[in-house]
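The values are calculated or read from the model by the stated rules, or taken from the named source; none is laboratory data. All values reported here derive from a predicted model rather than from experimental measurement. When we count neighbours, we look across all protein chains shown, and the Cβ atoms used for this are built from the backbone with ideal geometry, even at glycine.
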């Protein structure tokens, strides 16, 4: 059996904002945008994190501090040992030439990685809509501006860009332009709204889903989605429009750590 | 073929603990070619289980310490009902109790479900801190729990046995005497551990876990063979089966059906379809007409 666990020091830590940090690891995973790693904090636990970027020397993950595990991670200094395994899961496709990306909140790092990958591969036209509650919560604004032909912003409070959601802006764009594919990454309610709009305009899309994951390799069953049994850690987290049509729990329910169904 | 009176399309069964939390998983595994599915072990109350890492791989297989994650018997049986709703598939409902009283309550709850069989997980190695010595290691406990459950259950009852018992054949005989309709053997072996040398720590958050995968297959074959010689009730064999030849071997040793667990990690859910094709190829090449022709036909030197 393949051994894919690596124990290594944190090579660098960058504070993106008070609740968000990017961690650098000097290793190679050959990861693609949308994939994730399982990260172990010794004595604490193991959680999945999506990959922000990878270059010839390093892998980066961006982490939002949301609970005890990330609290512990935020206490660690450069040089502290952690363990990572991966990359796991299905990445965003890279074949499309006219692309719209719609991101919300703290789920935009994979879109930044995607934009970079699409650029490297050669793309005709790339538009990004970056949405957040407020200007202070927006991530990678200058990176998206640099990587995209058009880069638009929406904030709930109107502190920067359009006042409203990234889905509002998406709708406005689709009134004027068409795309081969729309890539969506954000909170599930936002993604549900974006998917409804994409369907209305008949444009293929891919979404970056999130469910409670424990093993990361498709055997514990924690992340399996109803009712078609999609094993999200292996067959996602990026899911295309045809598969998503069979995932009736999308936007409706998810399962807790014990497997009980909870409404979204 | 049949297993305990139920017609099954193939002897290949999803082992307990793999994917089996939800009806969606269970139906998916049947659609992908399994003959039967086993739920994760259900306890009276929901359990989160252990923190990760819950699985560590090594050269010979996996070491796991999931810690009986499950939504509890009430929600778990709702999943069983959804599984059977307008869907053809045979289910084994696995349950785990802290004592014979809990096992009886669990069995009563399963009576009202559409689940086909009841499996008593008497041997989870990963919750010893909580529940002390696994029942499958204590002869009197096997007798007590199986007797108590059989007195109330209206489902065929399988007792899941542990290779950690001093004499698993004795346990098999006691389970049969107490009225068990079948046996599931073997559960994971040990505790074992995988060490991360750089970190100087065990990989598993829970330090130790049950060993599964190819490395336990020779032990499973021998223990199934021993039990087969002493009991008349059917054996659901499990332990390190990852291809058709493994499954054929296990049936020759005495298993009436074969459960697959860790190999789902190695080969994905296709493992059921592929293993079945491999079994059928072997059988047609060597002149076996039916799966049941394989059961216990081992000739020893």
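Collect the residues in the stretch A:55-86 that are outside any loop (DSSP other than H, G, I, E, B), within 13 Å of chain B (Cβ to nearest Cβ) and surrounded by fewer than 17 Cβ atoms within 10 Å (Cβ to Cβ), keeping them in residue-number order.
Across the stretch A:55-86, the qualifying residues are A:68, A:72.
Restricting to the stretch B:33-47, give me the number of residues that are modelled with pLDDT of 95 or more and either in contact with a helix residue (DSSP H, G or I) (Cβ under 7 Å, 6 or more places away or on another chain) or at the interface with another protein chain (Cβ under 9 Å from one of its Cβ atoms) (or both).
10
Inside the stretch A:6-53, counting only strands (runs of 3 or more DSSP E) that do not spill past its ends, which hold 2 or more residues that are within 13 Å of chain B (Cβ to nearest Cβ)?
Passing ranges, in order: A:36-41.
Since residue B:215 meets every condition but one in (1) within 14 Å of another protein chain (Cβ to nearest Cβ); (2) in contact with a helix residue (DSSP H, G or I) (Cβ under 9 Å, 6 or more places away or on another chain); (3) part of a helix (DSSP H, G or I), which condition does it not meet?
Evaluating residue B:215 over (1) within 14 Å of another protein chain (Cβ to nearest Cβ); (2) in contact with a helix residue (DSSP H, G or I) (Cβ under 9 Å, 6 or more places away or on another chain); (3) part of a helix (DSSP H, G or I) leaves (2) as the failure.
Identify, by number, the condition in (1) buried (at least 24 other Cβ atoms within 10 Å of the Cβ); (2) outside any loop (DSSP other than H, G, I, E, B) that residue B:240 doesn't meet.
Here residue B:240 clears every test but (2).
Could you tell me which residue of the stretch A:238-253 is surrounded by the most Cβ atoms within 10 Å (Cβ to Cβ), considering only residues that are within 14 Å of another protein chain (Cβ to nearest Cβ) and touching a strand residue (DSSP E or B) at 6+ places or on another chain (Cβ under 6 Å)? Before you say what the answer is, go through the steps one by one.
Of all residues in the stretch A:238-253, those within 14 Å of another protein chain (Cβ to nearest Cβ) come to A:243, A:246-250, A:252-253.
Filter once more, so that each one left must be touching a strand residue (DSSP E or B) at 6+ places or on another chain (Cβ under 6 Å): A:247, A:249, A:253.
Values: A:247: 21, A:249: 19, A:253: 13.
For the stretch A:238-253, the residue satisfying everything is A:247.
Got a number for residues in the stretch A:220-229 being within 8 Å of another protein chain (Cβ to nearest Cβ) and touching a strand residue (DSSP E or B) at 6+ places or on another chain (Cβ under 9 Å)?
The initial filter retains those residues of the stretch A:220-229 that are within 8 Å of another protein chain (Cβ to nearest Cβ), namely A:220-222, A:224-229.
Right, trim to touching a strand residue (DSSP E or B) at 6+ places or on another chain (Cβ under 9 Å) and you get A:220-222, A:224-226.
Qualifying residue count for the region: 6.
Kindly list the number of the only condition in (1) farther than 23 Å from residue B:300 by Cβ; (2) within 20 Å of the chain's Cα centre (by Cα); (3) assigned to a loop (DSSP other than H, G, I, E, B) that fails for residue B:199.
With (1) farther than 23 Å from residue B:300 by Cβ; (2) within 20 Å of the chain's Cα centre (by Cα); (3) assigned to a loop (DSSP other than H, G, I, E, B) applied to residue B:199, the lone miss is (2).
State whether the residues of the stretch B:87-96 include one that is out of contact with any helix residue (DSSP H, G or I) (no Cβ under 6 Å at 6 or more places or on another chain), crowded, with 24+ Cβ neighbours inside 10 Å and more than 29 Å from residue B:144 (Cα to Cα).
Within the stretch B:87-96 (the criterion being out of contact with any helix residue (DSSP H, G or I) (no Cβ under 6 Å at 6 or more places or on another chain), crowded, with 24+ Cβ neighbours inside 10 Å and more than 29 Å from residue B:144 (Cα to Cα)), the answer is no, since none of the residues qualifies.
Looking at the stretch B:57-67, which of its residues are surrounded by fewer than 24 Cβ atoms within 10 Å (Cβ to Cβ) and more than 8 Å from chain A (Cβ to nearest Cβ)? Working first, answer last.
Filtering the stretch B:57-67 down to residues surrounded by fewer than 24 Cβ atoms within 10 Å (Cβ to Cβ) leaves B:57-60, B:67.
Scanning the stretch B:57-67 gives B:60, B:67.
Could you say whether any residue in the stretch B:192-209 is within 25 Å of residue B:91 (Cα to Cα), crowded, with 20+ Cβ neighbours inside 10 Å and either touching a residue at least 40 places away in the same chain (Cβ under 8 Å) or touching a helix residue (DSSP H, G or I) at 6+ places or on another chain (Cβ under 9 Å) (or both)? So that I can check it myself, show each step before the final result.
Start the filter on the stretch B:192-209 by keeping residues that are within 25 Å of residue B:91 (Cα to Cα), which leaves none.
Checked the stretch B:192-209: no residue is within 25 Å of residue B:91 (Cα to Cα), crowded, with 20+ Cβ neighbours inside 10 Å and either touching a residue at least 40 places away in the same chain (Cβ under 8 Å) or touching a helix residue (DSSP H, G or I) at 6+ places or on another chain (Cβ under 9 Å) (or both).
Scan the stretch B:7-33 for residues that are under 14 Å from the mean Cα position of the chain (by Cα) and part of a loop (DSSP other than H, G, I, E, B) and jot them down.
B:11, B:15, B:16, B:17, B:18, B:19, B:20
Looking at residue A:215, is it surrounded by 17 or more Cβ atoms within 10 Å (Cβ to Cβ), touching a strand residue (DSSP E or B) at 6+ places or on another chain (Cβ under 6 Å) and either over 19 Å from residue A:96 (Cβ atoms) or at the interface with another protein chain (Cβ under 8 Å from one of its Cβ atoms) (or both)?
yes
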